[in-house]
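Colleague: For reference, the structure I am asking about is given below.
The values are calculated or read from the model by the stated rules, or taken from the named source; none is laboratory data. In this text the structure is predicted, and so the values were computed from the model without any measurement. Using ideal geometry, Cβ is built from the backbone for each residue, glycine included, and neighbour counts are taken over all protein chains shown. Keep in mind that these areas ignore ligands, DNA and RNA; they rest on the heavy atoms of the full protein, side chains included. Shrake-Rupley method; radii C 1.70, N 1.55, O 1.52, S 1.80 Å.
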Amino acid sequence: MKIAVLGGGVIGLTTAAMLQEEIPNIDITLIASDFANTTSHVAAGIFRVGSSYSGPNEKLTRKPLLSKQISRDWIKYSYDYYDNIKKKTDSSSSGVKDISGYIFSKNSLKIVENHWMQGLVPIYRPAIEEEFDLVQGEWKYGSYYQTLLTDCGIYLPWLTNKLKRNGVKFQERTLNTLGDLGVDYDYAMNCTGLGAREMCKDYRLVSIRGQVLKIKAPWIKFFFYGELDTYIIPGFDGSVTLGGSRSYDSENLQPCPYERAAILERCTNLLPSIKETNIVKEKIGLRPHRENNIRVEAEFLSNGLSNLKVVHNYGHGGYGVCTAPGTVNYAVKLLKDMHKSSVAKL
Ligand SMILES: Cc1cc2nc3c(=O)[nH]c(=O)nc-3n(C[C@H](O)[C@H](O)[C@H](O)COP(=O)(O)OP(=O)(O)OC[C@H]3O[C@@H](n4cnc5c(N)ncnc54)[C@H](O)[C@@H]3O)c2cc1C
């Protein structure tokens, strides 16, 4: 089986890894415009699926109970997948580690509760009175939980090395359409994130721009959220991500000084100790948000001269790092089903 995996972000690389685990003697070429500067590299990588998350495509969402179950399966599969990597590897090499911390709200208990995370992660409990003193401000509601962090700046190079060792070919190339693949491949897995908008003319994909600041603050051991718009997330080697920002339909890749100032002000109000630090890096990313749902779907493309069987997997919005393994597992199942039915037709 000759497969082109399109996309060098977390979805593409996870796809290549899972295909190798599942299908013996598979010939994989990973194709992407860029492997080093993707949206995935901007993410703090915390495993926190927002309450509004909804995974499956519309064929499945017509049955709300089934749809909810599939979303839950994807999230659980993803958590277990990363947890397994964390247990089996040295965290500083793979970039996957445990993390725990707090979310506080002034207005709503709903903000600090999360129906996807409660019951999934090892600890999710209301914050106790003394824990409110860890941050500044008059917070009314709070939760403490333990989860995982996947730093793509470490995780993707680790995966890349593993894939190269196992024979996956890497090709830096931009495709205008899926037809550009010609007749060289039996199947394609389309993991091009926001790039799928032009490639597949899928205008339900919208960018949600985000800006984050990186500081060095090795004394910060817990993550802190103030409502859902302010976060402080410690990563590796004392590096801490400050956020966040969400600008719908903006594709401006330049750092915005007003957003920088707003992030710094909100984070410093929450945790005054970060006043002592300087910004060491600033990153901008365009979250590949797809209206209503992620597209994990099989498609048969024919232009009269050639046929290509494609499985799409894009549109993960703000949750692509944490939900990658679950959606990829589903996409690989779709590929296997497609293969079985085309073999049966022969
Ligand atoms: C500020 C910010 C913070 C975030 N924090 C988190 C977080 O804490 N946890 C979390 O789970 N998620 C987070 N996210 C979301 C997460 O980053 C994305 O959901 C995820 O990276 C999407 O991965 P992807 O592989 O689909 O896309 P990308 O990482 O964008 O990769 C797409 C790949 O496709 C390639 N490509 C695109 N078009 C073409 C083409 N035409 N031809 C060839 N190649 C092409 C690109 O070069 C790239 O290699 C955050 C995002 C931002 C912006």
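Colleague: Say we look at segment 247-294 and pick out the residues that are touching a Pro at 6+ places or on another chain (Cβ under 9 Å) and not β-branched (V, I, T); which of these is nearest to R197 (Cα to Cα)?
Modeller: Across segment 247-294, the extreme among qualifying residues is N293.
Colleague: So is I3 closer than 24 Å to T174 by Cβ, within 16 Å of the ligand (Cβ to nearest atom), among the hydrophobic types (A, V, I, L, M, F, W, C) and assigned to a strand (DSSP E or B) or not?
Modeller: yes
Colleague: Another one. Would you confirm whether any residue within segment 246-254 is more than 11 Å from the ligand (Cβ to nearest atom), in a strand (DSSP E or B) and either at pLDDT 95 or above or of a type outside the set (S, T, N, Q) (or both)?
Modeller: Yes, segment 246-254 contains at least one residue that is more than 11 Å from the ligand (Cβ to nearest atom), in a strand (DSSP E or B) and either at pLDDT 95 or above or of a type outside the set (S, T, N, Q) (or both).
Colleague: Would you say S207 is within 14 Å of the ligand (Cβ to nearest atom), open to solvent by less than 10 Å² (accessible area, probe 1.4 Å) and under 15 Å from R290 (Cα atoms)?
Modeller: yes
Colleague: Does L159 fit the bill of being open to solvent by less than 20 Å² (accessible area, probe 1.4 Å), under 30 Å from F300 (Cα atoms) and out of contact with any Ser or Thr (no Cβ under 8 Å at 6 or more places or on another chain)?
Modeller: Here the answer is no, as L159 does not meet what is asked.
Colleague: Let me confirm something: among L286, L334, L308, which residue is away from the ligand (no atom under 11 Å from the Cβ), in a strand (DSSP E or B) and either touching a residue at least 60 places away in the same chain (Cβ under 8 Å) or over 15 Å from C200 (Cα atoms) (or both)?
Modeller: So the residue among L286, L334, L308 that is away from the ligand (no atom under 11 Å from the Cβ), in a strand (DSSP E or B) and either touching a residue at least 60 places away in the same chain (Cβ under 8 Å) or over 15 Å from C200 (Cα atoms) (or both) is L308.
Colleague: Quick one: I11 ticks every box in (1) near the ligand (Cβ under 7 Å from one of its atoms); (2) open to solvent by less than 10 Å² (accessible area, probe 1.4 Å) bar one, so which box is it?
Modeller: Here I11 clears every test but (2).
Colleague: On the basis of being closer than 26 Å to Y53 by Cβ and either open to solvent by 20 Å² or more (accessible area, probe 1.4 Å) or away from the ligand (no atom under 15 Å from the Cβ) (or both), does E299 make the cut?
Modeller: Considered against the rule, which asks whether it is closer than 26 Å to Y53 by Cβ and either open to solvent by 20 Å² or more (accessible area, probe 1.4 Å) or away from the ligand (no atom under 15 Å from the Cβ) (or both), E299 comes out as yes.
Colleague: In this structure, is G167 in a loop (DSSP other than H, G, I, E, B), of a type outside the set (S, T, N, Q), at pLDDT 95 or above and open to solvent by less than 60 Å² (accessible area, probe 1.4 Å)?
Modeller: So G167 passes the test.
Colleague: What is the one condition in (1) more than 8 Å from the ligand (Cβ to nearest atom); (2) surrounded by fewer than 22 Cβ atoms within 10 Å (Cβ to Cβ); (3) touching a residue at least 40 places away in the same chain (Cβ under 8 Å) that D34 does not satisfy?
Modeller: Of everything listed in (1) more than 8 Å from the ligand (Cβ to nearest atom); (2) surrounded by fewer than 22 Cβ atoms within 10 Å (Cβ to Cβ); (3) touching a residue at least 40 places away in the same chain (Cβ under 8 Å), D34 misses just condition (1).
Colleague: Which one is farthest from the ligand (Cβ to nearest atom), of the residues in segment 318-331 that are touching a Phe, Trp or Tyr at 6+ places or on another chain (Cβ under 7 Å) and open to solvent by 30 Å² or more (accessible area, probe 1.4 Å)?
Modeller: Y330
Colleague: Which of the residues spanning segment 174-192 are assigned to a helix (DSSP H, G or I) and either more than 10 Å from the ligand (Cβ to nearest atom) or open to solvent by less than 20 Å² (accessible area, probe 1.4 Å) (or both)?
Modeller: L178, G179, L181
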